[in-house]
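S.K.: Got a structure here, written out as structure tokens. Questions coming.
The values are calculated or read from the model by the stated rules, or taken from the named source; none is laboratory data. Here the structure is a predicted model, which is why all the values come from computation and not from measurement. Here the Cβ is made from the backbone with ideal geometry for all residues, glycine too, and neighbour counts use every protein chain on show. Side chains are part of the model used for accessible areas, which takes the heavy atoms of the whole protein and leaves out ligands, DNA and RNA. Shrake-Rupley method; radii C 1.70, N 1.55, O 1.52, S 1.80 Å.
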Amino acid sequence: MDTESPTPITVALVDDQLLVRSGFRMLINSQPDLEVAAEATNGREALASPALAHADVVLMDVRMPEMDGIETTGKLLKGKAEGGPRIIVLTTFDLDEYALAAIQAGASGFLLKDAPPEELLEAIRTVHRGDAVIAPSTTRRLLDHVAPMLRRQAPEASGHEQAVASLTAREREVFELIALGRSNPEIAAGLFLSEATVKTHVGRILAKLQARDRVQAVVIAYATGVVSP
């Protein structure tokens, strides 16, 4: 009896360098659970591509001609609290301020272009899961580095503070653990809860904070001082 293989995670590549896209395409297509479904050389092409808009995960270069990755990320996700693609920002510079801006625009993670192949592949799977661990270690380092800037810059901080204040005591505990990068199983073990209960709490927290995923929730945690580097 034939068994259907799971539907692969569809990935879109947005990068102006052909060599970079070719390398990513070969790596991603070598995995049975991943498939490159669309490519674009800049932001304008990306926004004009229906296939890209429907991809599960987008690898987005930050620095591109015509329209950079920050503007493209914001426009691609505009009006899509849920249902839009998950975006991983790619940059050649660690702790790049452009990557921070892209994460504030709605990206779900941040990765160096020269990251090991296994880290790139795991980042794609991680952000696609959404309710798993936050993202690669570079995201954590980036947030630690720019936490003071986040608190100074955030014009919507008061709104975020009101949203954080609306969390129940248990939700606040879960929120703090999310901000520290804990996965659902780790939170469940630490608070002696079932994973299903933790998942329910996480869903309510994201809804109250109007955060599209855990990375956005972590940005809010840093911006409001719930966690410090």
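S.K.: Looking at Ala105, Ala189, which is the one that is at pLDDT 90 or above, open to solvent by 10 Å² or more (accessible area, probe 1.4 Å) and not aromatic (Phe, Trp, Tyr)?
M.R.: On inspection, the qualifying residue turns out to be Ala189.
S.K.: Another question, if that's okay. Pull out all pairs, ordered by first then second residue, where Cβ-Cβ is under 6 Å, the residues are six or more apart or on different chains, the first lies in region 176-200 and is over 18 Å from Val218 (Cβ atoms), and the second is outside any loop (DSSP other than H, G, I, E, B) and among the aliphatic types (A, V, I, L, M).
M.R.: Listed by first residue and then by second, the contacts come to Ala188/Val198; Glu195/Ala188.
S.K.: Say we look at region 1-27 and pick out the residues that are modelled with pLDDT of 95 or more and hydroxyl-bearing (Ser, Thr, Tyr); which of these is nearest to Asp61 (Cα to Cα)?
M.R.: Ser22
S.K.: Inspect region 76-83 for any residue being surrounded by 14 or more Cβ atoms within 10 Å (Cβ to Cβ) and either without any contact (Cβ under 8 Å) to a residue 60 or more places away in the chain or touching a Phe, Trp or Tyr at 6+ places or on another chain (Cβ under 7 Å) (or both) and give the result as yes or no.
M.R.: Within region 76-83, one or more residues are surrounded by 14 or more Cβ atoms within 10 Å (Cβ to Cβ) and either without any contact (Cβ under 8 Å) to a residue 60 or more places away in the chain or touching a Phe, Trp or Tyr at 6+ places or on another chain (Cβ under 7 Å) (or both).
S.K.: Hey, another quick one. Which ones in region 182-229 are closer than 24 Å to His145 by Cβ and among the polar types (S, T, N, Q)?
M.R.: Ser183, Gln216, Thr224, Ser228
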